[in-house]
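Below is one structure, written out as structure tokens; comments come after it.
The values are calculated or read from the model by the stated rules, or taken from the named source; none is laboratory data. Quick caveat, the model's predicted, so the values are computed rather than measured. Note that each Cβ is placed from the backbone with ideal geometry, even for glycine, and that neighbours are counted across all protein chains shown.
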Amino acid sequence: MITLYNGSALRVMDTLEPGSFDAIITDPPYSSGGSSIRETFKSPSQKYTNTKKNCPFPEFVGETMDQRTWTGFIAEMLEKAKRLCKPGAICAMFTDWRQYPSATDALQRAGWVWRGTAIWDKMNSRPQRGRFKQQAEFIIWGSNGHMPVDRHVPVLPGVYAYAVV
């Protein structure tokens, strides 16, 4: 059975049974703020959706953490998540280029074995003249300790190409 939990990760994880998860798949706020100080004070729904005023999703906090604070928060979240996981469980965490180094640090600091990175090719992005397109996100992944290769899982792709709708 697959169960999806929705809520503040740190609070929800305190209510769950240790050693009961096969995987953690997370897309935490990147806390990369905005391109200007003016962007920093906008709500997430104003920064990240096209609906602006009638956003159907709840707001979330923590979008304006600096990089060191964010790394500590994510490490704490991943450490709690690891306690909930069975040995050999997978952790897959989405991040963008701005938090990539901090995300890999947090994963390892929380005790996961960093196994690599997969790519989400978003296929579309806002082009910037004279610069590379920022059309990829990264899926940093690791395991809760040893991860046998004979666990009956096929070879997974290293690049997933799905356009942002």
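Given (1) modelled with pLDDT of 80 or more; (2) in contact with a strand residue (DSSP E or B) (Cβ under 9 Å, 6 or more places away or on another chain), identify the lone condition not met by residue 30.
Exception for residue 30: condition (1).
Need the failing condition index for residue 58 against (1) assigned to a helix (DSSP H, G or I); (2) modelled with pLDDT under 95, just the number.
Every condition holds for residue 58 apart from (1).
When both residues are 6+ apart or on different chains and their Cβ atoms are under 8 Å apart, which pairs have a first residue that lies in the stretch 109-128 and is over 29 Å from residue 80 (Cβ atoms), and a second that is among the small types (Gly, Ala, Ser) and loosely packed, with under 14 Cβ neighbours inside 10 Å?
Between residues of the stretch 109-128 that are over 29 Å from residue 80 (Cβ atoms) and residues that are among the small types (Gly, Ala, Ser) and loosely packed, with under 14 Cβ neighbours inside 10 Å, the close pairs are 121/161; 122/163; 123/161; 123/163; 124/163.
Tell me which residues, restricted to the stretch 112-140, are surrounded by 15 or more Cβ atoms within 10 Å (Cβ to Cβ) and part of a loop (DSSP other than H, G, I, E, B).
Correct list: 112, 122, 135.
Say whether the condition of being surrounded by fewer than 14 Cβ atoms within 10 Å (Cβ to Cβ), part of a loop (DSSP other than H, G, I, E, B) and without any contact (Cβ under 8 Å) to a residue 60 or more places away in the chain is met by at least one residue in the stretch 79-102.
yes
Could you grab me the full set of residues in the stretch 141-163 that are exposed (fewer than 13 other Cβ atoms within 10 Å of the Cβ), more than 22 Å from residue 81 (Cα to Cα) and touching a residue at least 40 places away in the same chain (Cβ under 8 Å)?
Of everything in the stretch 141-163, those that are exposed (fewer than 13 other Cβ atoms within 10 Å of the Cβ), more than 22 Å from residue 81 (Cα to Cα) and touching a residue at least 40 places away in the same chain (Cβ under 8 Å) turn out to be 158, 159, 161, 162, 163.
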